[in-house]
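One structure is given below, encoded as structure tokens.
We did not get these values from a lab; they are worked out from the coordinates using the rules stated. Since the model is a prediction, treat every value here as computed from it, not as a measurement. A quick note on method: Cβ atoms are made from the backbone with ideal geometry, for glycine too, and the neighbour counts reach across all protein chains shown.
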Ligand SMILES: [Zn+2]
């Protein structure tokens, strides 16, 4: 769960989830109203989750999976990844950008 770097407030699951539906880079702390940003590591984890969700779609290209099964599976995966993303979310006071080439 994300913890505010400014006041140490730990976001609730619901507050973190709400952030997922806004596409703004900053997350305003519910406690001190200080702007917080998702960390690079946290963004990477979210991207990874997205890949997990998209994986069944890719699998149809290689395997013979019925569309019905895929349509049934996708919402489950989507809900699953969304409900666990708040646990992977980390925030910091500084804005970071994804840089895949930096070691
Ligand atoms: Zn705060």
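Given a cut-off of under 8 Å on Cα pairs at least six residues apart, what relative contact order in percent is computed for segment 13-90?
Values: 51 pairs, mean separation 31.5, N = 78.
Reported as a whole number, the value is 40 percent.
What's the angle, to the nearest 10 degrees (0 to 90), between helix 40-62's Cα axis and the longest principal axis of the chain?
10 degrees
Please report how far the C-alpha centroid of segment 48-83 lies from that of segment 1-38, rounded to the nearest whole angstrom.
For segment 48-83 versus segment 1-38, the Cα centre distance is 28 Å.
For n ≥ 4 DSSP H runs only, could you compute -39500 (n - 2.57) per run for the chain, divide by its residues and tell me the 222 nm figure to the nearest 500?
Calculated mean residue ellipticity at 222 nm is -17500 deg cm²/dmol.
So, by mean Cβ neighbours within 10 angstrom, what's the order for 60-70, 45-55 with the highest one leading? Mind showing how you got there, number by number?
On the way: 60-70: 9.5, 45-55: 14.0.
Top of the packing list down: 45-55, 60-70.
When the gyration tensor of the chain is built from Cα positions, what are the square roots of 5 times its three eigenvalues, in whole Å, from largest to smallest?
On the way: eigenvalues 194, 52, 15 Å².
Ellipsoid half-lengths, sorted descending, are 31, 16, 9 Å.
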